[in-house]
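See below for the structure under consideration.
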Amino acid sequence: MTQIAVLPFMVYAACGLVASLAVHVLSLFGMSVGGNGLFFGLHIGIFPLWIPVTLITRKMMAGARRQDFWKIALSGCPSWMRYMTLGFLGYAFLNFAIFIGLVLMHPPPKGAAAPPAEVLHGFSGHWMAFYSAGLAILTTVYRGGFANLQRKCPAGHEIGWYDRFCPTCGAAVGPPVELN
């Protein structure tokens, strides 16, 4: 039942991803679409999505090494979604570097009615990364369930990803989890 609560956020993330991808592609052709409303909607719209995603990942990552974040967070989503998300994350860094270079060489005009295509292009790379990552993490939760966000010992106590013994009752829990 609690998995159903994730569905609206998944739809929200998918809509944000599609909208940001559309803005990004149109900006490649020099088109500035949606005006300030769409710009700020996509920009600020990340926060309502990432509040639950952050709370979920905090629970999911309890006892895990920081460097395993993406392995754990994307462990339950389909492979294509994992590659899409990692691709958008990498692209966001590259796109931002190009955007900064362009803005330094050719600053956008001040007081424009709508953000120029270059500004939309620069920001939409990050929007795609955030909406895609939110969708993939929520898909992991939807497919695995809230109850499986963290490992448990045989007695039901929450344990870390790499614990061999329960810190509460001392029960053996087997070898540490190997993440690919």
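Structure summary
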| read-out | value |
| --- | --- |
| Protection-proxy order for peptides 67-77, 91-101, 115-125, each taking the mean of Cβ atoms within 10 Å per residue, highest first | 115-125, 67-77, 91-101 |
| Derived scalar couplings ³J(HN,Hα) [region 13-22; Karplus, 6.51 cos²θ - 1.76 cosθ + 1.60; whole Hz; x for Gly, Pro] | 5, 5, 5, x, 5, 5, 5, 5, 5, 4 |
| Karplus-derived 3J(HN,Hα), 6.51/-1.76/1.60, for each residue of region 83-99, Hz, glycine and proline x | 5, 4, 5, 5, x, 5, 5, x, 5, 4, 5, 4, 4, 5, 4, 5, 4 |
| Cα gyration tensor, region 28-101 - rounded (a/c under 1.5), prolate or oblate | prolate |
| Peptides ranked, highest mean first, by Cβ atoms within 10 Å: ranges 49-61, 129-141 | 129-141, 49-61 |
| Inter-label distance, nm, simple model (7 Å from Cα along the C-beta direction), S79/L102 | 3.4 nm |
| Region 68-154: radius of gyration over Cα atoms, expressed as a fraction of 2.2 N^0.38 Å | 1.48 |
| Cα pair count fraction exceeding 20 Å, expressed as % - region 2-148 | 50 percent |
| Sequence of H24, H43 once ranked by neighbouring C-beta atoms within 10 Å, starting from the fewest | H43, H24 |
| Helix 117-144 vs. the chain, principal-axis angle (Cα, 0 to 90°, nearest 10) | 20 degrees |
| Built amide H within the under 5 Å cut-off of K152, gap 5+ | I159 |
| Assigned charges on the beta-carbon of Lys, Arg, Asp, Glu; the chain dipole about Cα centre (debye) | 320 debye |
| Per-residue [θ]222 nm for the chain (sum of -39500 (n - 2.57) over DSSP H runs n ≥ 4, rounded to 500) | -20000 deg cm²/dmol |
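No lab work stands behind these numbers, since they all come straight from the coordinates. Everything numeric in this text was worked out from a predicted model, so none of it was measured. As a convention, Cβ positions derive from the backbone with ideal geometry for all residues, glycine included, and neighbour counts pool all protein chains shown.
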